[in-house]
Structures are given as C-alpha cells and as structure tokens.
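Everything on this sheet refers to the single structure shown next.
The numbers here are math on the coordinates, done by the rules we state, and not lab data. Treat the numbers as computed from the prediction; the structure is a model and nothing was measured. Cβ sites come from the backbone with ideal geometry, for glycine too, and all protein chains shown count toward neighbours.
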Amino acid sequence: MSDSDRDQVEQRLVRIESALAHLQHDLEELNASLTRHFGRMQGFEARFTRIEHELESMAEESDVRDPDNEKPPHY
C-alpha cells in the first residue's frame, strides 16, 4: 500500500469515527429525551386515572342524590 493509499484510508477512518461519535451523541440525546417524555407520560397516566376515578365517584354520588336536600339552581 502506498503512502497516499494509507492517507486516504486514514482520512476515511477519521471521517467514519467522527460520524460514529456524532451518532452516539445523538443517540444519547434521543434516549434522554425519550426518558423524560416517558416520565411525563407516566405522570399524565396517573392524573388521568385519578380524574377518571373522581368522575366515576361523582357519577355514583349523583345517582343517589335526594332532591329535597338540594339547593335550587339559582343559589
């Protein structure tokens, strides 16, 4: 292999290593973003479940209301 061939191979290897380093960085950034979004989704799911239970309990309470004990709508 001539010196120019070695230089070309070395330059190509440097470009490949640089591209790999950038890809690794991008992958780490994407992973961090995905982890943050997953945590937010878990929080939203917990809030949704809590609201769902509150709505269910409100619906159950409304089924057993006594009209005589309720205030008129204008109060």
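Taking the Cα centre of the chain as the origin, how large is its charge dipole in debye, to the nearest 20, when only Lys and Arg (+1) and Asp and Glu (-1) carry charge on their Cβ atoms?
Details: 9 positive and 18 negative charges, 67 e Å.
So the magnitude is around 320 debye.
Say the dipole of segment 3-58 comes from +1 at the beta carbon of Lys and Arg and -1 at that of Asp and Glu; which of HIS53, MET41, LEU20 then lies farthest toward its positive end?
HIS53
Multiply the residue gap between MET41 and VAL9 by 0.36 nm, knock off their C-alpha separation, and tell me the result in nm, one decimal place.
Working: separation 32, 0.36 × 32 = 11.52 nm, distance 4.69 nm.
Difference between extended and current length: 6.8 nm.
Roughly speaking, what is the stretch gain from GLU28 to MET1, that is 0.36 nm per residue apart minus the C-alpha to C-alpha distance, in nm to one decimal? Mind showing how you got there, number by number?
Working: separation 27, 0.36 × 27 = 9.72 nm, distance 3.79 nm.
Gain on extension, GLU28 to MET1, equals 5.9 nm.
Could you list the chymotrypsin sites (Phe, Trp or Tyr not before Pro) in segment 26-59 that lie in coil according to DSSP, counting only those with at most 13 other Cβ atoms within 10 Å of their Cβ? Spell out each step's value before the answer.
Values: sites: PHE38, PHE44, PHE48; in loops: none.
Within segment 26-59, no chymotrypsin sites (Phe, Trp or Tyr not before Pro) qualify (loop, at most 13 other Cβ atoms within 10 Å).
Does anyone have the angle between helix 3-63 and the longest principal axis of the chain? Alpha-carbon axes, 0 to 90°, nearest 10?
Result, in degrees: 0.
Where does the chain land on Rg(C-alpha)/(2.2 N^0.38 Å)? Don't skip to the end; give the middle numbers.
Working: Rg = 31.3 Å, N = 75, 2.2 N^0.38 = 11.3 Å.
Cα-based Rg divided by the globular estimate yields 2.76.
How much mean residue ellipticity at 222 nm does the chain get from its helices, if each DSSP H run of length 4 or more adds -39500 (n - 2.57) and you divide by all residues, to the nearest 500 deg cm²/dmol?
Rounded to the nearest 500, it is -31000 deg cm²/dmol.
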